[in-house]
Amino acid sequence: MPPSSLLRLLFPAIFACLADAAGALDVAPADVASAKETGPPRNVILIIGDGMGDQQITIARNYLEGARGRLLLDHLPLRSAVQVLTVDEQEQPVYVADSANSATAMATGVVTSRGRVAVAADGKTLLPTLLQQAEAAGLRTGLVATSSVTDATPAAFVAHMSLRHCENPAAMLGEKRGLTTLPHCKHLLKANGGPGSISEQIAASAADVVLGGGLKHFSVTDESGNASVLELARDSGFTVITDPARLEEIPLDQRVLGLFAESHLPERWRGEDGREAEAPRPSWANYLHPYLGSVTLPAPMRCEPNPDFVGTPTLAELTHAALRRLHNDAGFFLMVESASIDKAAHHRRACGSIGELQQLLEAVQLALDYADEQGNTLVLVTADHGQAAQIIPRRSFFADYGIPVYTPGRLARLLTPEGSVLAINYATNDFEYQEHTGVNVPLFGNTEALGRIPPMLYQPDIYHIMHDYLFGDRP
């Protein structure tokens, strides 16, 4: 690990303060500004599977290709392990991340606390991102996501916010959701000298292409009350579209903000008739003693197309559109996220996660094809954190002894194309919303990654690897 990377990991607060002292808008240090003069242009394509730990990859492999099959990821020449780092507001380790702090680590190289979007653990210091540095150096930049573009992962590359839910001007004041009122982000209002909500920051950004969902966060009135956030985006030079068919019509030199759903894009797949994971049903005798009675497991099911997905652009289509627009002689940075691997897992929708991982694989293939054709393109594929889904025995080992053992969580039993049953368990809590898990995540790379990435690294190192590739010394 480079000494600078180690220092950043050990003393993130110091580096955050240095970034604050330099000013959040001062994102073009000398090495970045001069990068274009040091050699041929380079491109970085970072593809993030939200919540795509090894359990999710194995589930998808078993269902899509079979136990002896291979996914596209399994053929990539580089595989590494990434330790995810999270701290609390006092810089003490926290061992389970959320998408905001983990995306911030990759976008800025700084370890921060949960909920922070390119903001340090103190909740105040704004951290320059790789995308902003690439823009300052004259590279093209883009974001593609199957979530709202204001969601934590894409937001961390283009915006700065102390709490991830402050996605629009109203949410900055403290939004009520159900019986809960979420904390406010008032200190980052424009009126208080801040950058405004996440949607307002995206609207004012210099990104060349931003594609995903989240229309509801742009259709609202901006902080001033004089215009909608959509109008702000148009005023800053974006062509705003809500119909994916228009992507092919708009001239390639125009900047595009594409919003193709009110919130997140629908998942490609679902369980039969919309089924999710379900709780096993023990007999009354089992409540008397765990060795007595029997248990009925959820009926096996297959995955099927989600009717809500009809008319939704695929992640591959959005990635293809972004690559066409970003291709140029100066180089580019593109972040692509398959967001609902995670979102489906939160709601115990095993088929949703599998279908979204399949979408990621299609986007990876496009990125690899582009890199093979154009050269000088680093393709990295990783996850931001682990998720709840876990493969367990389809029938408990203890059932062989007549003991009705069953999971205390909820269980999805999938009939695989191989003719077997794949049991997927969700048991991080008893709430309606499952939680992340603290585990290292994989990192895959194309041939450009060889020799640049060690067998094990820390998540902020991904930022430094991408930064060095774009702006470091070149042959």
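The values are calculated or read from the model by the stated rules, or taken from the named source; none is laboratory data. Only a predicted model underlies this, so the values are computations on that prediction, with no experimental measurement involved. All Cβ positions, glycine included, derive from the backbone under ideal geometry; neighbour counts span all protein chains shown. Calculation scope for accessible area: heavy atoms of the full protein, side chains included, ligands and nucleic acids excluded. Shrake-Rupley method; radii C 1.70, N 1.55, O 1.52, S 1.80 Å.
Ordering Ala134, His385, Pro280 by the projection of their Cα atoms onto the charge dipole of the chain, which places +1 on the Cβ of Lys and Arg and -1 on the Cβ of Asp and Glu, puts Pro280 at the extreme positive end.
Suppose accessible area is computed on protein heavy atoms with a 1.4 Å probe; arrange Arg268, Arg349, Arg177 from highest to lowest. All intermediate terms of the calculation are to be shown ahead of the outcome.
Numbers: Arg268 35, Arg349 70, Arg177 120 Å².
Result of the area sort, largest leading: Arg177, Arg349, Arg268.
Sites listed here are GluC sites (Glu not before Pro) in the range 72-151 whose DSSP assignment is loop and whose Cβ has at most 14 other Cβ atoms within 10 Å: Glu89. Note that the chain presents 41 Å² accessible area per residue, ligands and nucleic acids not counted, probe 1.4 Å.
Helix-only estimate, please: 222 nm mean residue ellipticity of the chain, summing -39500 (n - 2.57) across DSSP H runs of length 4 or more and dividing by its residues, to the nearest 500.
On the way: 14 runs with 134 residues, N = 475.
Taken over the chain, the calculation gives -8000 deg cm²/dmol.
The count of lysine pairs in the chain with alpha-carbon distances below 30 Å, taking only pairs 8 or more places apart or on different chains, stands at 13.
Taking all protein chains as present, what is the carbon and sulfur share of the accessible area of the chain, in % to the nearest whole number, probe 1.4 Å? Present the calculation step by step, with values, prior to reporting the outcome.
Values: 10230 of 19550 Å².
That share works out to 52 percent.
Note the listed values (1) 1.26; (2) 0.98; (3) 0.95, then indicate which one is Rg/Rh (Cα atoms, Kirkwood Rh) calculated from this particular structure. Derived directly from the coordinates: (2). Against the main long axis of the alpha-carbon atoms of the chain, helix 350-374 sits at an angle near 40°.
Which longest uninterrupted range of the chain lacks any chymotrypsin sites (Phe, Trp or Tyr not before Pro) assigned by DSSP to a loop state (not H, G, I, E or B) and surrounded by at most 15 other Cβ atoms within 10 Å? Within the chain, the longest run free of exposed chymotrypsin sites (Phe, Trp or Tyr not before Pro) spans 96-290. Computed from Cα positions, the angle between helix 54-64 and the longest principal axis of the chain comes to roughly 70 degrees. The range 141-166 and the range 286-356 have their alpha-carbon centroids 19 Å apart.
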